[in-house]
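Participant: Dropping a structure here in structure tokens format, bear with me for questions.
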Amino acid sequence: MEVVRKSEEIKAWVRKQKASGKKVSLVPTMGALHAGHLSLVSIAKAHSDAVILYIFVNPAQFNDPKDLEKYPRTLERDLELARGENVDVVFAPEAADIYPEGGGKLSGTCHVRAGNRSENFEGDGRPGHFDGVCTVLNIMFNIVEADTAVFGEKDYQQLQVVSQMVKDLQIPIEIIPAPLVRDHDGLALSSRNVRLSPEGRKESLVISRTLAAAAEKVSSGERDARKLEQNAIQAVESTGRVKVEYASIVDADSLEPLSHIDKPCQFLLTATVEGIRLLDNIRLKP
Ligand code: AMP
């Protein structure tokens, strides 16, 4: 497995793959890899001949400097895990190589403004977050020129925001969604989970349980989205140590809120445990 730090080197690597007729896929991550990320790699492998795992903690998508500072960075371990998955190349650039000017601050530099799917939910809680995500991905898609890129449904809104950008800006790349991977106890895998105390981790299980219960209710006939949302907030907050940021049932593509469930849709739920934001979601099928 090659490890590349410079944009010029990854460009040359991709050119070589393409010259030999290979289809290239990109798996964008911020590192601190876990089984959720690795599932994206195996999906990428199934769709292409060469997989680039991209690891970059993107300063432009952090609106809270403390969150950026605390974000786990485990490059050596990540490289081991990537080797174990037979990744072809890891591209782990320095911030100065991706943002030669502005140091990752969007103001004053040319950047992407995310579309309307970015407006609520994570967009409310983290102003500028999706502009930062779209900008760095645009830079990355231009550097790498991959045929496909894989994104997890764990970050459901991000998947829709990126799909909208690729469509609206006619970026020649196919976006492949990957199912959300959970831990053995149901908690959605996330690089941030390592920051939970043992008690916090136990308490956080109420999030996935509540979503699973909502999906169950919908398959047995419940159609009232508002009622499901209210019940979910009550259930998640019942312990007093988990605070819901949003609990919304939305159209699975447009992310428009729904009041009556008459088609498959997505229940997005983000809550804070011990100051750590945990994102989860589930498909509801009437
Ligand atoms: P991150 O490193 O958190 O920015 O995530 C990088 C990619 O991995 C994104 O496309 C995420 O949606 C995806 N991802 C993270 N956690 C999971 C998970 N538990 N299941 C599926 N995909 C995930």
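Participant: Being within 16 Å of the ligand (Cβ to nearest atom) and either loosely packed, with under 15 Cβ neighbours inside 10 Å or part of a loop (DSSP other than H, G, I, E, B) (or both) is the filter here; which residues of region 184-204 pass it? Step through it out loud before you land on a result.
Facilitator: First pass over region 184-204, keeping only residues within 16 Å of the ligand (Cβ to nearest atom): 184-196, 201, 204.
Hits for region 184-204 are 184, 185, 186, 187, 189, 190, 194, 196.
Participant: Please note which strands (runs of 3 or more DSSP E) are completely contained in region 209-285 and include at least 1 residues that are at pLDDT below 95. Walk me through how you get there before you give the answer.
Facilitator: Working: elements: 242-251, 265-273, 276-284.
Hits in region 209-285: 276-284.
Participant: Somewhere in region 74-88, is a residue charged (D, E, K, R), touching an Asp or Glu at 6+ places or on another chain (Cβ under 6 Å) and either farther than 26 Å from residue 131 by Cα or within 12 Å of the ligand (Cβ to nearest atom) (or both)? So that I can check it myself, show each step before the final result.
Facilitator: Here is the first cut: in region 74-88, the ones charged (D, E, K, R) are 76-78, 80, 83, 85, 88.
This time we only want the ones that are touching an Asp or Glu at 6+ places or on another chain (Cβ under 6 Å), so: none.
There is no residue in region 74-88 that is charged (D, E, K, R), touching an Asp or Glu at 6+ places or on another chain (Cβ under 6 Å) and either farther than 26 Å from residue 131 by Cα or within 12 Å of the ligand (Cβ to nearest atom) (or both).
Participant: Starting from residues that are under 16 Å from the mean Cα position of the chain (by Cα) and farther than 26 Å from residue 182 by Cβ, keep the ones in region 38-62 and report whichever is most open to solvent (accessible area, probe 1.4 Å).
Facilitator: Step one: filter region 38-62 for residues under 16 Å from the mean Cα position of the chain (by Cα), giving 38-41, 43-44, 53-62.
Going one step further and asking which of them are farther than 26 Å from residue 182 by Cβ, we end up with 59-60.
Working: 59: 32, 60: 13 Å².
Only one residue fits best here, namely 59.
Participant: On to the next question. Which is assigned by TED's automatic domain parsing to the domain that holds residue 145, open to solvent by 70 Å² or more (accessible area, probe 1.4 Å) and touching an Asp or Glu at 6+ places or on another chain (Cβ under 9 Å), of 257, 172? Break it down into steps so the answer makes sense when it comes.
Facilitator: Values: 257 fails: assigned by TED's automatic domain parsing to the domain that holds residue 145.
It is 172.
Participant: Based on what the data block shows, is residue 106 away from the ligand (no atom under 16 Å from the Cβ) and either assigned by TED's automatic domain parsing to the domain that holds residue 30 or not in a loop (DSSP other than H, G, I, E, B) (or both)? I'd like the intermediate steps shown before the answer.
Facilitator: On the way: away from the ligand (no atom under 16 Å from the Cβ): yes; either assigned by TED's automatic domain parsing to the domain that holds residue 30 or not in a loop (DSSP other than H, G, I, E, B) (or both): yes.
Yes: the conditions hold for residue 106.
Participant: Within region 164-177, track down each residue that is within 12 Å of the ligand (Cβ to nearest atom) and either more than 20 Å from residue 55 (Cα to Cα) or among the hydrophobic types (A, V, I, L, M, F, W, C) (or both). Walk me through it before giving the result.
Facilitator: Here is the first cut: in region 164-177, the ones within 12 Å of the ligand (Cβ to nearest atom) are 175-177.
Hits for region 164-177 are 175, 176.
Participant: Output the residues belonging to region 113-154 that are in a helix (DSSP H, G or I), within 16 Å of the ligand (Cβ to nearest atom) and more than 20 Å from residue 59 (Cα to Cα).
Facilitator: 117, 153, 154
The values are calculated or read from the model by the stated rules, or taken from the named source; none is laboratory data. All figures in this text were calculated on a predicted structure; none of them were measured in a lab. Positions of Cβ are backbone-derived with ideal geometry, glycine not excepted, and every protein chain shown enters the neighbour counts. With ligands, DNA and RNA removed, areas are computed over all heavy atoms of the protein, side chains included. Shrake-Rupley method; radii C 1.70, N 1.55, O 1.52, S 1.80 Å.
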